[in-house]
Amino acid sequence: MPAPGAPSTGVGAPPRHVAIIMDGNGRWAKARGLERTAGHREGVAAARRAVEAARDLGVAYLTLYSFSTENWRRPAGEVRDLMGLLKQFIVDDLPRLKEEGVKVRIIGDKENLSADVKALVRRAERETEKNTKYNLQIAFNYGGRDELVRAARAAAEAVKRGDIDAGDIDEAAFGLFLDTAGTPDPDLVIRTSGERRTSNFLNWQAAYAEYVFTDVLWPDFDATIFADAIAEYNARERRYGGVGGA
């Protein structure tokens with residue numbers, strides 16, 4: 001049996017934790033002669049479908065990569081729209097998520113968010129913290145390298161305070177300083193839009209994850225595509241650095 005927090009290995013079982021790099025909103029909109037904002041709005045609808053599909057497919061943890069630390073380089077208007085969509089998602093969907101027993105967690109650097117966004121993030125986490133049926137993580141203002149730097153600083157501060165000895169920091173101890181502390185590592189990472197990059201997403205946590213890349217643009221993502229990705233995942237043999245059964 002895998003240790004707590006280790007990826008699941010059951011044959012034919014759904015992955016315990018799926019993470020998705022939601023890519024292709026802009027190209028989806030451009031192909032239809034629409035503004036990029038329209039693609040992002042459709043992307044929110046696809047995120048709702050993904051949340052529902054993950055639950056129906058038996059996935060216990062879902063992490064969605066919605067806004068990276070690099071996305072601040074985009075035009076100010078697009079960044080403003082993306083912030084607005086996050087706020088709208090929380091306001092509109094929080095009642096349903098609460099009712100369905102979903103625990104919401106926002107990972108990423110929250111300090112650089114505006115006061116109103118931070119307030120909504122705190123509200124979403126506070127009002128769902130006791131839910132246990134399903135876990136939704138939204139990576140917002142998130143970058144894998146940024147997370148590791150922040151974790152290293154936090155670990156150094158803990159050593160300085162005398163809370164922990166530097167020699168006692170192993171992988172498990174360091175993991176407690178990450179944004180995802182307490183969440184099992186992803187078994188499967190899905191990336192849409194045909195790109196074949198990890199894009200600074202869950203660099204530490206996805207060390208042994210399986211990756212499935214699909215050409216489907218994110219606004220077109222649905223339960224069938226999700227199920228196909230899980231089927232591909234289940235067809236693979238996961239060895240974690242060991243020797244396979246063949």
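The values are calculated or read from the model by the stated rules, or taken from the named source; none is laboratory data. Model, not experiment: these values are computed from the prediction. Note that each Cβ is placed from the backbone with ideal geometry, even for glycine, and that neighbours are counted across all protein chains shown.
The table for this structure:
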quantity: Residue pairs meeting the criteria (Cβ under 8 Å; at least 6 apart or on separate chains; first within 13 Å of Leu136 (Cα to Cα) and surrounded by fewer than 17 Cβ atoms within 10 Å (Cβ to Cβ), in region 43-58; second acidic (Asp, Glu) and modelled with pLDDT under 95); calculated: Arg48/Asp93
quantity: Residue in region 141-151 that is nearest to the chain's Cα centre (by Cα), counting only those that are outside any helix (DSSP H, G or I) and crowded, with 23+ Cβ neighbours inside 10 Å; calculated: Tyr142
quantity: All positions within region 194-213 that are surrounded by 20 or more Cβ atoms within 10 Å (Cβ to Cβ) and within 12 Å of Asp23 (Cβ to Cβ); calculated: Phe201
quantity: When residues of region 105-150 are limited to those that are of a type in the set (Gly, Ala, Ser) and free of Cβ contacts under 8 Å to residues at least 40 places away in the same chain, the one nearest to Arg73 (Cα to Cα); calculated: Ser114
quantity: Extreme residue, surrounded by the most Cβ atoms within 10 Å (Cβ to Cβ), among residues of region 59-83 that are assigned to a helix (DSSP H, G or I) and of a type in the set (D, E, K, R); calculated: Asp81
quantity: Residues of region 154-193 classified as free of Cβ contacts under 8 Å to residues at least 40 places away in the same chain, surrounded by 13 or more Cβ atoms within 10 Å (Cβ to Cβ) and part of a loop (DSSP other than H, G, I, E, B), total; calculated: 5
quantity: Residue match in region 54-61 (condition: within 25 Å of Arg150 (Cβ to Cβ), at pLDDT below 95 and among the aromatic types (Phe, Trp, Tyr)); calculated: no
